[in-house]
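Below is one structure; the comments refer to it alone.
The values are calculated or read from the model by the stated rules, or taken from the named source; none is laboratory data. Nothing here was measured: the structure is a model prediction, and the numbers come from that model. With ideal geometry, Cβ positions are generated from the backbone for all residues, glycine too; neighbour counts draw on all protein chains shown. Ligands, DNA and RNA are stripped out before the accessible areas are found, and what is left, the full protein with its side chains, is counted by its heavy atoms. Shrake-Rupley method; radii C 1.70, N 1.55, O 1.52, S 1.80 Å.
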Amino acid sequence: ETGVTQSPTHLIKTRGQQVTLRCSSQSGHNTVSWYQQALGQGPQFIFQYYREEENGRGNFPPRFSGLQFPNYSSELNVNALELDDSALYLCASSAGGRGGYEQYFGPGTRLTVT
Amino acid sequence: QKEVEQNSGPLSVPEGAIASLNCTYSDRGSQSFFWYRQYSGKSPELIMSIYSNGDKEDGRFTAQLNKASQYVSLLIRDSQPSDSATYLCAADSGGSNYKLTFGKGTLLTVNP
């Protein structure tokens, strides 16, 4: 157990809808990164939040957005859902905003878009 | 496009054998490298990190890094059926956000 929690565990949405996924970071960690993992692929970096500010973004469209709160928990919001958004969404927490710090994953949220 | 490449496998070894997993990366700016284990239907679990050239040992696991060759490997000694999983190699971006770039993973099966 990493101490990183995510909710919900599973979610089914319809194309065009919006979804919010939540993550609580491990105690003592101030950085949260979000990844999307499609079936049979490695996780793909979406963005990272450090002390409530976005600290980098991967190749995802603007309809993927996020927030980090003062307690370092985080949300991932996806608007106008598409079928290809179906994936495992992973949140990872780490101890610092700069590199070299190990990232620990939560259990993930399985999103299915129909 | 900065990439991390792994053999997709599957890699099959008998119980008690050494499993060798390999990974190459394209970004010469990468400084930190990680191996994650992912069981089917579960999230990735960090098992090793390595930052300097050479070997790093932790129990039955040894990670090896060669920055000149842009090569990272993971050796699992005395493989157990419980080691059967997908192993993901990841490298950081070397930039200010330190995102991780993952390979597609290698499926390892340890046969009793």
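Structure notes:
- A:PHE45 vs. criteria closer than 24 Å to B:GLU3 by Cα and assigned to a strand (DSSP E or B): yes
- Number of residues in region A:41-55 that are open to solvent by less than 20 Å² (accessible area, probe 1.4 Å) and of a type in the set (Asp, Glu): the value is 0.
- Figure legend. Inter-residue proximity from region B:13-26: first residues farther than 18 Å from B:ASP55 by Cβ, second residues assigned to a strand (DSSP E or B) and open to solvent by 40 Å² or more (accessible area, probe 1.4 Å), beta-carbon distance below 6 Å, spacing 6+ or different chains. Indicated pairs: B:PRO14/B:ASN111.
- Contact map, region A:9-34: residues that are at positive phi and outside any strand (DSSP E or B) paired with residues that are open to solvent by less than 20 Å² (accessible area, probe 1.4 Å) and not acidic (Asp, Glu), Cβ distance under 8 Å, separation 6+ or inter-chain. Pairs shown: A:GLY16/A:LEU81.
- Residue in region A:10-40 that is surrounded by the fewest Cβ atoms within 10 Å (Cβ to Cβ), counting only those that are in contact with a Gly (Cβ under 8 Å, 6 or more places away or on another chain), within 11 Å of chain B (Cβ to nearest Cβ) and modelled with pLDDT of 95 or more: A:GLN37
- Screening B:SER73, B:SER49, B:SER82 for residues that are among the polar types (S, T, N, Q), open to solvent by less than 30 Å² (accessible area, probe 1.4 Å), more than 13 Å from every other protein chain (Cβ to nearest Cβ) and not in a loop (DSSP other than H, G, I, E, B) leaves exactly one candidate, B:SER73.
- Subset tally (residues that are within 11 Å of chain A (Cβ to nearest Cβ), over 14 Å from B:SER32 (Cα atoms) and in contact with a Ser or Thr (Cβ under 7 Å, 6 or more places away or on another chain)) for region B:87-112: 5
- Given (1) open to solvent by 50 Å² or more (accessible area, probe 1.4 Å); (2) modelled with pLDDT under 95; (3) polar (S, T, N, Q), number of the condition A:SER7 does not satisfy: (2)
- Residue within region A:87-101 that is of a type in the set (D, E, K, R) and modelled with pLDDT of 90 or more present: no
- Filtered residue count, region A:58-114, keeping only those that are open to solvent by 50 Å² or more (accessible area, probe 1.4 Å), within 8 Å of chain B (Cβ to nearest Cβ) and assigned to a strand (DSSP E or B): 1
- Criterion: among the basic types (Lys, Arg) and out of contact with any strand residue (DSSP E or B) (no Cβ under 9 Å at 6 or more places or on another chain) - qualifying residue of B:ARG28, B:ARG37: B:ARG28
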